[in-house]
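Have a look at the structure below before the remarks.
Since every read-out is calculated from the coordinates, none of them should be taken as a lab result. Since we're looking at a predicted model, the values are computed, not measured. No Cβ is skipped: glycine too gets one built from the backbone with ideal geometry, and neighbour counts run over all protein chains shown.
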Amino acid sequence: MAQERVEPWLRGTLTDVDAVRRAVLHALELAAEDVARWCDGLNGEQMEERPLGLPTVGFHLRHIARSLDRLLTYAENQQLSERQLMLLKTEDKAVDREATLMELAEAIEVSTKRVLSFSEKSYDQPRFVGRKKLPTTVGGLLIHCADHTQRHVGQAITTAKFVIASRER
């Protein structure tokens with residue numbers, strides 16, 4: 001009998017962290033688990049396949065890692081570095097499977113620490129995103145880290161399923 005899977009937000013963990021940061025951290029934890037469950041079995045070639053012209057699984061994983069870094073940089077009231085801007089332009093470039101998976105794992109680990117460094121009291125502080133200086137808040141950026149990550153994990157899973165299904169025909 002298969003063991004029932006309980007998502008991180010239902011495990012009663014991180015109870016010492018306020019609800020906003022806890023939700024973000026649970027979303028990151030779920031992202032790591034879902035990627036392991038659905039994408040770890042893909043080889044390097046499969047990770048960079050584009051079924052139906054969709055963005056690759058590798059792209060989504062690199063985009064998650066790098067966008068978390070960018071979003072948290074803005075939340076920390078900093079501007080993006082030249083390195084972050086260069087990495088943004090290369091998210092769609094195929095790299096080694098292991099490097100992609102490691103980049104995501106490290107990004108989630110580092111992002112967890114960065115999210116924990118914010119105070120509840122900072123959530124309403126104004127922040128600005130990008131060259132256009134679009135307005136948001138620290139809380140808005142933290143919440144976007146969660147929803148943006150989950151959106152791309154879902155897309156990576158869907159693409160992985162297409163890749164696997166096409167191999168089984």
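What is the Cα centroid distance between the range 5-83 and the range 106-169, reported in whole angstrom?
After rounding, the separation between the Cα centres reads 6 Å.
So what is log10(I(q)/I(0)) for the range 37-111 at q = 0.21 1/Å, when the Debye sum runs over its Cα atoms only?
-0.92
Quick check on the exposure proxy: order V6, V163 from fewest to most C-beta atoms within 10 angstrom.
Ranking V6, V163 by Cβ neighbours within 10 Å, fewest first, gives V6, V163.
Treat every Asp and Glu Cβ in the chain as -1 and every Lys and Arg Cβ as +1, leave all other atoms uncharged, and give the resulting dipole magnitude about the Cα centre to the nearest 20 debye.
Dipole magnitude for the chain comes out near 600 debye.
Can you tell me the alpha carbon radius of gyration of the range 14-168 divided by the globular rule-of-thumb value 2.2 N^0.38 Å?
Here the answer is 1.07, to two decimals.
Treat each spin label as a single point 7 Å out from the Cα along the C-beta direction, and report the W9 to S119 distance in nm.
2.7 nm
Once both labels are modelled 7 Å past Cα along the beta-carbon direction, what's the R167-R151 spacing in nm?
2.9 nm
Going through the DSSP H helices of the chain, which span 24 Å or more along their own axis at the Cα atoms while scoring at least 0.0 as a mean Kyte-Doolittle hydropathy?
19-38, 57-75, 97-116, 138-168
Cα atoms only: what Rg and Dmax, in Å, come out for the range 44-83?
Just the Cα atoms of the range 44-83 yield Rg and Dmax of 13.7, 39 Å.
Going by a ≥ b ≥ c, the root eigenvalues of the Cα gyration tensor, does the range 1-87 fall in the rounded group (a/c under 1.5), the prolate group (a/b larger than b/c) or the oblate group?
oblate
If I stretch the segment between K93 and E33 completely, what's the gain in nm (0.36 nm per residue apart, minus their alpha carbon distance), one decimal?
19.2 nm
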